[in-house]
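Structure record follows, encoded as structure tokens.
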Amino acid sequence: MRCCLPVPLGALAGIPGPREMLRSGLLLAPALLRSATAPAPRHPRSPAAVHLELVTLTEDRAVITWHTAQPGTDDGTGRMLPAVTEGEVVYGTHPARLDRAAGEDRPTAHHHVELTGLEPGQTYYYQARSRGVPATPTALHLMRGNAAGTSRYGLGSPGGPYSFTTPQPPPGRHLLSLALCNDLHIGETVAGLVAGVPFLRGVAQRAGRTAYPELMSRAVVDEARHRGADLLLAAGDISAGGGPRDLAKARGILDRFGTHRRDYLVVRGNHDRPARQDDTFHHAFGAPDGPGWFEHDAGGLRIIGLDTYDKHGNGGDAGALGAEQLSWLRRRLRAHRDQPTVVFGHHPLTVKDALFPVSPGQRLGRRQARALLRAYADAPGVFLHHAGHTHRNKRTHVADAPQVTLQEVGAAKEYPGGFFLLRIHSGGYALNFFRARHSEALEWTERSRRQAGGLWPYHALGRTVTDRNSVTVRDLSGIGRPTRPSAPPRSPQGMTAPPNPGPDVARGTPPP
């Protein structure tokens, strides 16, 4: 089964407006020419160290990744063959004194180095290198983006050093953490394939390797547990076509995190609708007699899950909430206007700054999106709307509901290959994107960045570090730790097993 057409590449097969087509054409034409070239190493025997990215940035750590390849080789797709070698990051608080170093435990071509023990609010300079060759960043210049740092320091130089400034942590004590993921697409076999568009030929897994949706989904679930997530939210497109076998397989993978409707929550996406309209998804995830929307309590944090394709259709048009669901949502928000609330659903409410042409299929219908934003404006407790569908990392605020962060999360199944960790404190929250660092997951992540003729990073990574790492100050002191049967053991890193966040309440039913 091939990748989805509706989004984000499906816009090319949809009906975007002339302005969107012109804008994207002006951006894509020079990018296609640049994407065909690869940086040359300084010495023919040296590896090429490329695709440097500052993936994660918190108040005390940073995750930096890059790839090494062998110049003069071709893997059959016009890209260099991977070169297995050592990697390290040298860094410090002055560009001329990179006096600290962090490395890896083994040679690899897919480098993932985590800097720990950083100071909040401090500017650091760093250089990633393999066998003495400095790594060069993923270029995001078309979108005025910067993959390697929080400032433009070092950009344009052959290997930096580059620069980032750590944020301050969210104020107050830590309360709980949620993993946000979506677009697992279990059952898919080719990523990024759009029929009839020659340069969008898609990327398949290597022969004999684990199917990439299963590989990536398992790696994301395991990484979420390792990073200390108490609860996991999966925002739709769990399967590629709504088939019973694919959904059952997805259920088994998500069960690695814990118990459904206690440790993890799932909503349906447009791809989870089979060709015939039935309750396959509901049977797979344990609610055959109920609607696809719900409210869940986690220690005072209200979590609302939405079915954003609550209608008949082929999945390629705009998302929609049925009249019953929209009425229920409004009532629930009015009932407890000030309760801290996270809403998650598959379709985003708005799609801004897209590289590719935007069609209606990339978002919730405009009228309903405005209705949701008005409902959020009247419920000041809502602070986050988590969506998938666009397969990109993008943080947006709109004037209609300025207190709400609209966070689009990249697909779990492909580059950039990870999830968001929402860390909630009594005085605010942090959103941080983490890559799944299993070795095979990093290998597929690198392979799948070739989608869209090599333009996928422009779309999917996030144009700036703040699209995938941000801190918001807000009073969330009304949230407590979710109740649990007994205190779990703590790891040396202070991470805990997922708790019992309490039973669902008002699942799809109006208040009394």
| query | Right, D255: open to solvent by 20 Å² or more (accessible area, probe 1.4 Å), over 16 Å from the mean Cα position of the chain (by Cα) and modelled with pLDDT of 95 or more or not? | reply | yes
| message | Is it the case, given these coordinates, that V221 is modelled with pLDDT of 95 or more and in contact with a Lys or Arg (Cβ under 6 Å, 6 or more places away or on another chain)? | response | yes
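Identify, from the list G192, G196, G156, G149, the residue that is open to solvent by less than 30 Å² (accessible area, probe 1.4 Å) and modelled with pLDDT under 95.
G192
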| Does any residue of region 234-243 turn out to be surrounded by 20 or more Cβ atoms within 10 Å (Cβ to Cβ), in a loop (DSSP other than H, G, I, E, B) and of a type in the set (S, T, N, Q)? | no
| query | Is there any pair with a first residue in region 331-358 that is touching a residue at least 60 places away in the same chain (Cβ under 8 Å) and a second that is among the hydroxyl-bearing types (S, T, Y) and surrounded by fewer than 24 Cβ atoms within 10 Å (Cβ to Cβ) whose Cβ atoms are under 6 Å apart and which are 6 or more apart or on different chains, and what are they? | reply | F356/S24; P357/S24
| query | Which condition does T472 not pass, out of (1) over 10 Å from the mean Cα position of the chain (by Cα); (2) of a type in the set (S, T, Y); (3) open to solvent by less than 20 Å² (accessible area, probe 1.4 Å), if it passes all the others? | reply | (3)
| query | Taking region 327-370 as the region of interest, how many residues are crowded, with 18+ Cβ neighbours inside 10 Å, under 17 Å from P291 (Cβ atoms) and more than 21 Å from the chain's Cα centre (by Cα)? | reply | 5
| query | Pick from E446, E408: which is surrounded by 23 or more Cβ atoms within 10 Å (Cβ to Cβ) and under 18 Å from the mean Cα position of the chain (by Cα)? | reply | E408
| field | Pairs with Cβ under 8 Å, 6+ apart, first in region 261-272 and more than 12 Å from F285 (Cα to Cα), second in a strand (DSSP E or B) and of a type in the set (F, W, Y) | value | G269/Y309; N270/Y309
| With respect to A250, is the statement that it is at negative phi, modelled with pLDDT of 95 or more, in a loop (DSSP other than H, G, I, E, B) and buried (at least 21 other Cβ atoms within 10 Å of the Cβ) true? | no
| field | Residue among D279, D307 that alone is over 30 Å from H174 (Cβ atoms) and either of a type in the set (S, T, Y) or crowded, with 23+ Cβ neighbours inside 10 Å (or both) | value | D307
| Enumeration of residues in region 419-438 that are open to solvent by less than 10 Å² (accessible area, probe 1.4 Å) and out of contact with any Ser or Thr (no Cβ under 8 Å at 6 or more places or on another chain) | F419, F420
| field | Number of the exception - I479 against (1) at pLDDT below 95; (2) open to solvent by 10 Å² or more (accessible area, probe 1.4 Å); (3) closer than 28 Å to P171 by Cβ | value | (2)
| remark: Restricting region 422-443 to residues that are in a helix (DSSP H, G or I) and small (G, A, S), the one nearest to the chain's Cα centre (by Cα) turns out to be A441
| task | Mind listing whichever residues of region 256-277 are more than 20 Å from L176 (Cα to Cα) and either in a loop (DSSP other than H, G, I, E, B) or in contact with a His (Cβ under 8 Å, 6 or more places away or on another chain) (or both)? | result | V267, R268, G269, N270, H271, R273, P274, A275, R276, Q277
| remark: A careful count of residues in region 132-147 that are in contact (Cβ under 8 Å) with a residue 12 or more places away in the chain and more than 19 Å from R97 (Cα to Cα) gives 11
| Which residues, counting only those in region 222-255, are among the hydrophobic types (A, V, I, L, M, F, W, C) and in contact (Cβ under 8 Å) with a residue 40 or more places away in the chain? | A224, A229, L231, L232, L233, A234, A235, I238, A240, L247, A250, I253
| query | Pick from region 199-209 the residues that are open to solvent by 10 Å² or more (accessible area, probe 1.4 Å) and over 14 Å from H185 (Cβ atoms): which of them is modelled with the lowest pLDDT? | reply | F199
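The values are calculated or read from the model by the stated rules, or taken from the named source; none is laboratory data. Note that the structure is a prediction, hence the values are computed from the model and not measured. Counting neighbours? That spans all protein chains shown, and the Cβs are built from the backbone with ideal geometry, glycine included. Heavy atoms of the whole protein, side chains included, go into the accessibility calculation; ligands, DNA and RNA do not. Shrake-Rupley method; radii C 1.70, N 1.55, O 1.52, S 1.80 Å.
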